[in-house]
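Undergrad: Have a look at this one.
The values are calculated or read from the model by the stated rules, or taken from the named source; none is laboratory data. Note that the coordinates shown come from a computational prediction; the quantities given were computed from them, not determined experimentally. Cβ coordinates were reconstructed from backbone atoms using ideal geometry, including for glycine residues, and neighbour counts include every protein chain displayed. These area figures cover heavy atoms from the full protein model, side chains too; ligands, DNA and RNA do not enter into them. Shrake-Rupley method; radii C 1.70, N 1.55, O 1.52, S 1.80 Å.
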Amino acid sequence: MDRDSAEWWELVAKGVLAVQRCDSCGLARFPARAFCAACRTEGWSWARLAPLGVVESWIVSHWRAPEPFTVVRVRPAEAPGCVMYGTWRGEREPRQGERVVPLFTDQPSIEWRPADASGSDA
Amino acid sequence: MAKRLLDFRDATALAGIGYTSFSKDSGVSTLTLACRAIMSALDDAGLGPDDVDGIATHRVGDSAAPSLVGPALGIHAPAWHLDQFGGGSVSHAIVGQAALAVAAGIADVVVCYRAINARSEFRMGSAPNPSPETQYLAPYGYGAPVQQFAMYARTHMLKYGTKAEHFGQVAVAQRAYAARNPRALMRRPITMSDYLASRPIAEPLRLLDCCLETDGAVAVVVTTAERARDLRRPPVLISGAAWGGGDSFLSPGEPTVTAAAALAPRLYGMAGVGPADIDVAELYDCFTYSVIVQLEDYGFCAKGEGGPFAASGEGPPVNTHGGFLSEGYVHGLNHVAEAVSQLRGDAGERQVAGAEVALSTAQPGHILPATSALILRRG
Ligand SMILES: [Zn+2]
């Protein structure tokens, strides 16, 4: 992790899903950066988001791994202009547009599981 | 069109191309590969190292620098050099920048090379990537090019109904070209059944969607159009050269649109041509999907129609050497060299009859948010 992102990772370690919000124009931004790309000002605050995302896409990777694993591309429900990635923690393949909730690991990292309780096809 | 851009159009030329053999283990250093490809390209042009006053490459910490290659070939005190950091997205930018240096009169003869031992020494996805953005991917075992392109390919399938068979047709068609290319690593024809049966690498992409990790080098010689006319081979004019930015894997933009969409109008405008004028297209094919998305973003078909369009065989012949999928992966300069062969009419059994204008492109900007491309014309 780099200096721009250190605080974001600290929030992840505390189980908080957050993005920066520009103090000037309100734009949500991720990953962490000093400048707002819209209004080019430096002031910003952490915006804590509801722990909810929407699946945009996913892969099932077999590449140099003993077992296949699934990685999802997710947009936070409260910051749809931001993109995050994470390991999929469901019993089945993800579905486009489905709602997912973050699981915060000790690594720290964010993984995603289906918002419906079972995560199965049942 | 600005006058200076009109002055640049067709002012410089590709006067020679050179190759090493392609293999899974070259047994030699990237410095040796670079020297061999450069000597081959200079010989093709009817020039020698004493004529060279500019050297350019791109690399990602995996190859010999111009500062090694120059002294190794006795090219002392070159007037211009470029050691561009970057992978496939800048492969064509180094040729464009060499053309700028030549057009400006800073250098007269520039050799551009790419030398890699991409199978035996430096496998893609293994080397640490210095971008801070990778911290958001690495915890998930994600970030290798095949994984990132698979994510975009899935998005395209979900949004536009693009099918595995569309990707498969790209692989099958390029293998058919490779069967007519003596340089190609993979020449045995494949069928759609072979494609569909190939093992998953990062679903939805399969083994036969992926480029071949290759050891080898390619070099091209850039000089003025005027000087090129007096050399050994028919000149191939650089009509347009463009590079520029797009969105990265963490940007909020539309994931099925690459940096090529923003670059294409500039490139065509510079060259004074449009997609309908392109006789042959050598499109960066790290994976089959990148061909499909570029057919859209370079304007050969509408957004979303790249899959059926590629499978239909409409549009110009694409990747007549077999591309990275079947000839070998030399990170982009082998696409430039093939375009030169086609425009000179010396592409042998795979020659496209009457080819006068070619488009050749770099990685369309999905991984690093930039791309580059050239439009070349028979001189
Ligand atoms: Zn702002």
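Rundown of residues vs (1) in contact (Cβ under 8 Å) with a residue 40 or more places away in the chain; (2) on the phi < 0 side of the Ramachandran plot; (3) assigned to a loop (DSSP other than H, G, I, E, B); (4) surrounded by fewer than 19 Cβ atoms within 10 Å (Cβ to Cβ), yes/no style:
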| position | (1), (2), (3), (4) |
| --- | --- |
| A:32 | no, yes, yes, no |
| A:72 | yes, yes, no, no |
| A:81 | yes, yes, yes, yes |
| A:102 | yes, yes, no, no |
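Per-residue answers, yes or no, for (1) buried (at least 18 other Cβ atoms within 10 Å of the Cβ); (2) facing another protein chain (nearest Cβ under 9 Å):
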residue: B:145; (1), (2): yes, no
residue: B:170; (1), (2): yes, no
residue: B:189; (1), (2): no, no
residue: B:199; (1), (2): no, yes
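Undergrad: Just give me the residues in segment A:57-89 being of a type in the set (Gly, Ala, Ser) and modelled with pLDDT of 95 or more, in sequence order.
TA: A:57, A:61, A:77, A:79, A:86
Undergrad: May I ask you to list the residues in segment A:49-65 that are open to solvent by 20 Å² or more (accessible area, probe 1.4 Å) and away from chain B (no Cβ under 11 Å)?
TA: A:50, A:51, A:52, A:54
Undergrad: Another question, if that's okay. Tell me, please, whether a residue that is open to solvent by less than 10 Å² (accessible area, probe 1.4 Å) and at pLDDT 95 or above can be found in segment B:246-256.
TA: Scanning segment B:246-256, I find no residue that is open to solvent by less than 10 Å² (accessible area, probe 1.4 Å) and at pLDDT 95 or above, so the answer is no.
Undergrad: Just need a number here: residues in segment B:303-314 that are more than 21 Å from residue B:259 (Cα to Cα) and either of a type in the set (Val, Ile, Thr) or surrounded by 16 or more Cβ atoms within 10 Å (Cβ to Cβ) (or both).
TA: Result for segment B:303-314: 2.
Undergrad: Which residue is farthest from residue A:102 (Cα to Cα), if the candidates are limited to segment A:3-43 and must be of a type in the set (Ser, Thr, Tyr) and near the ligand (Cβ under 9 Å from one of its atoms)?
TA: The residue in question is A:41.
Here is a yes/no grid of residues against (1) more than 14 Å from chain A (Cβ to nearest Cβ); (2) touching a residue at least 24 places away in the same chain (Cβ under 8 Å); (3) over 23 Å from residue B:289 (Cβ atoms):
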{"position": "B:104", "(1), (2), (3)": "yes, no, yes"}
{"position": "B:111", "(1), (2), (3)": "yes, yes, yes"}
{"position": "B:119", "(1), (2), (3)": "yes, yes, no"}
{"position": "B:152", "(1), (2), (3)": "no, yes, no"}
{"position": "B:175", "(1), (2), (3)": "yes, yes, no"}
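Undergrad: Out of all the residues in segment B:33-54, which are without any contact (Cβ under 8 Å) to a residue 40 or more places away in the chain and either touching a Ser or Thr at 6+ places or on another chain (Cβ under 8 Å) or surrounded by fewer than 18 Cβ atoms within 10 Å (Cβ to Cβ) (or both)?
TA: B:39, B:43, B:48, B:49, B:50
Undergrad: Would you confirm, using the coordinates I've provided, whether residue B:259 is touching a residue at least 40 places away in the same chain (Cβ under 8 Å), open to solvent by less than 10 Å² (accessible area, probe 1.4 Å) and either among the polar types (S, T, N, Q) or under 13 Å from residue B:298 (Cα atoms) (or both)?
TA: For residue B:259, the condition - touching a residue at least 40 places away in the same chain (Cβ under 8 Å), open to solvent by less than 10 Å² (accessible area, probe 1.4 Å) and either among the polar types (S, T, N, Q) or under 13 Å from residue B:298 (Cα atoms) (or both) - is met.
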